[in-house]
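Nothing in this text is a laboratory measurement; each read-out follows from the coordinates by a stated rule. Here the structure is a predicted model, which is why all the values come from computation and not from measurement. Here the Cβ is made from the backbone with ideal geometry for all residues, glycine too, and neighbour counts use every protein chain on show.
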Amino acid sequence: MPGARDKKDPHQLHKPDGVWLTKGVRTRRMIPLIRMFFVVGSAFAVAACSSEPVLELSVGAREGKTLYDTNGCASCHGSNGSGGVGPILAGIAGTNVALSDGSLVIADRAYLVESILLPQAQLVDGYNIKMPQNQLTAEQADLVAQFIEELVIP
Ligand code: HEC
């Protein structure tokens with residue numbers, strides 16, 4: 001039969017089998033590696049989907065974010081101002097905030113800085129928990145306010 005393997009031919013007996021064997025071994029060795037790529041890849045995909053949008057922050061806001069993260073602000077206002085025990089900070093810049101005395105105030109830079117430096121000066125309506133005093137300087141509070149201004153609504 002043309003093309004059929006002649007078992008008596010030593011070349012055909014060893015060579016094709018040998019080639020197939022080494023290929024097979026190589027492929028089998030690759031399987032755990034390929035699996036690992038899938039596992040690592042899907043882990044990245046999940047992480048990318050569940051994480052918050054990447055913020056594009058100015059230099060000052062980036063310093064502000066560091067201060068925000070290291071002064072316990074995130075524990076009440078959430079990471080990136082997403083809210084928690086304290087009000088949501090993302091998106092408040094420039095909006096009207098209702099205070100506990102019934103007045104409205106525009107959340108401009110001055111308001112944000114004052115809210116940070118003197119937490120009890122102007123109280124947001126509807127909160128029983130009091131925001132604690134912090135150790136930030138006026139300059140640092142300004143950087144944090146800059147960060148709050150650049151926060152996007154999640
Ligand atoms: C123990 C929880 C807590 C911590 C910690 C905390 N806050 Fe607050 N924060 C609040 C609460 C509650 C309010 C609303 C009542 C008020 O106005 O004090 C508030 C209000 C604010 C406001 C005004 C928000 C608005 O809607 O007008 C800003 C700005 C603010 N916090 C920034 C900060 C920053 C910056 C830090 C970190 C230095 C911080 N907070 C730490 C609880 C907290």
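Where does region 59-149 land on Rg(C-alpha)/(2.2 N^0.38 Å)?
0.98
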The long-range amide H neighbours of GLY86, using H built 1.01 Å from N in the peptide plane and a cut-off of under 5 Å, are HIS77
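Which of the peptides 81-89, 125-133 is most tightly packed, and how do the rest follow, going by the mean number of other Cβ atoms within 10 Å of each residue? Working shown, then result.
Working: 81-89: 17.4, 125-133: 10.4.
Descending packing order for the listed peptides: 81-89, 125-133.
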